[in-house]
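The values are calculated or read from the model by the stated rules, or taken from the named source; none is laboratory data. Keep in mind that this is a model prediction, so the values were computed, not measured. Glycine gets a Cβ as well: all are built from the backbone with ideal geometry, and neighbour counts include every protein chain shown. What goes into the accessible areas is simple: the full protein's heavy atoms, side chains included, and nothing from ligands, DNA or RNA. Shrake-Rupley method; radii C 1.70, N 1.55, O 1.52, S 1.80 Å.
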Amino acid sequence: KIEVTLIGHSLGAGAATIAAMEWNSKAYLRRQRQQKNDDSSSTRDNTNDDDVEAYNIPISAHVVGFGCPALLSEQLSRSTRDYVTTVIADADFIPRMSGATLVNLLLDLRKLDYRKQAERDVEQALRELQTRFTGYSSSSSDNGSEKNSLPFNIDDDDIKKVMNFVHSGLEKVIPSSTPSPSAFPPGQEQNEIDEGSNTDGGRKENWEERMKPVLFPPGTCIHFYRDG
């Protein structure tokens with residue numbers, strides 16, 4: 001028996017897994033033997049028994065993959081546990097990414113109220129501009145701001161005005177409790193949603209049901225987390 005260990009990262013780990021599954025399968029060994037027998041029948045005078053026996057040696061392949069994509073069904077993934085090890089670093093999304101998980105991510109983002117985080121980020125950016133380009137910051141001494149070298153100034157009142165504009169804009173674009181008509185799946189009308197709407201005023205969830213993942217990273221998964 002030939003022992004082979006394959007090591008790969010990301011797409012390379014996926015290719016190594018598929019190769020190991022092929023080499024470890026009995027069907028692969030049967031095909032190899034059949035191919036050798038076919039070749040031997042046409043060149044029998046030039047072939048000895050040692051060549052045929054060497055060609056029938058099975059291959060035992062093992063894989064260590066880093067960040068391997070989700071490429072197998074749950075059943076196939078479990079069947080490779082004895083010879084495939086997948087190493088996943090913290091929140092690496094590649095081993096978790098598939099069509100189903102992407103849809104679930106979009107559903108989560110659609111429900112996320114990101115207004116506070118957005119306002120925080122905008123204000124931080126404005127404070128940075130205030131400090132870098134006008135030489136003035138809210139933490140300046142009581143004696144006054146530093147001398148400006150630019151013909152304009154960004155003071156706290158300017159920042160408040162911009163933040164009020166940002167706040168009103170976010171109030172308009174944040175998803176409401178009732179989705180817009182364009183959000184409904186093709187062929188589904190507003191009344192179909194309303195018929196089963198929740199009594200607490202929330203929108204009906206049947207048209208945006210979360211999908212169950214059907215693809216998984218192969219073999220035994222080892223997770224490494226930053227917090228230990």
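Return the residue satisfying two criteria in turn: it lies in the stretch 22-36 and is at pLDDT 75 or above and either not charged (D, E, K, R) or not in a helix (DSSP H, G or I) (or both), and of such residues it is surrounded by the fewest Cβ atoms within 10 Å (Cβ to Cβ).
SER25
Write out, first by first residue and then by second, each pair whose Cβ atoms fall under 6 Å of each other, whose residues are 6+ apart or on separate chains, and whose first residue, in the stretch 66-91, is under 17 Å from HIS223 (Cβ atoms) while the second is of a type in the set (S, T, N, Q).
GLY67/SER10; CYS68/THR86; ALA70/SER98; ARG81/THR220; VAL84/THR17; THR85/THR220
Looking only at the stretch 119-141, filter to residues that are under 17 Å from LYS161 (Cα atoms) and in a loop (DSSP other than H, G, I, E, B); which one of those is modelled with the highest pLDDT? Write out each step before concluding.
Taking the stretch 119-141 first, the residues under 17 Å from LYS161 (Cα atoms) are 119-130, 137-138.
If we keep only those that are in a loop (DSSP other than H, G, I, E, B) as well, we get 137-138.
Working: SER137: 43, SER138: 46.
The extreme case among them is SER138.
From VAL63, VAL84, grab the single residue that is surrounded by 15 or more Cβ atoms within 10 Å (Cβ to Cβ), within 16 Å of ILE18 (Cβ to Cβ), touching a Leu at 6+ places or on another chain (Cβ under 8 Å) and of a type outside the set (Ser, Thr, Tyr).
Working: VAL84 fails: touching a Leu at 6+ places or on another chain (Cβ under 8 Å).
Matching residue, one of VAL63, VAL84: VAL63.
Just to verify a result, which residue in the stretch 66-81, among those that are more than 12 Å from the chain's Cα centre (by Cα) and aliphatic (A, V, I, L, M), is most open to solvent (accessible area, probe 1.4 Å)?
LEU76
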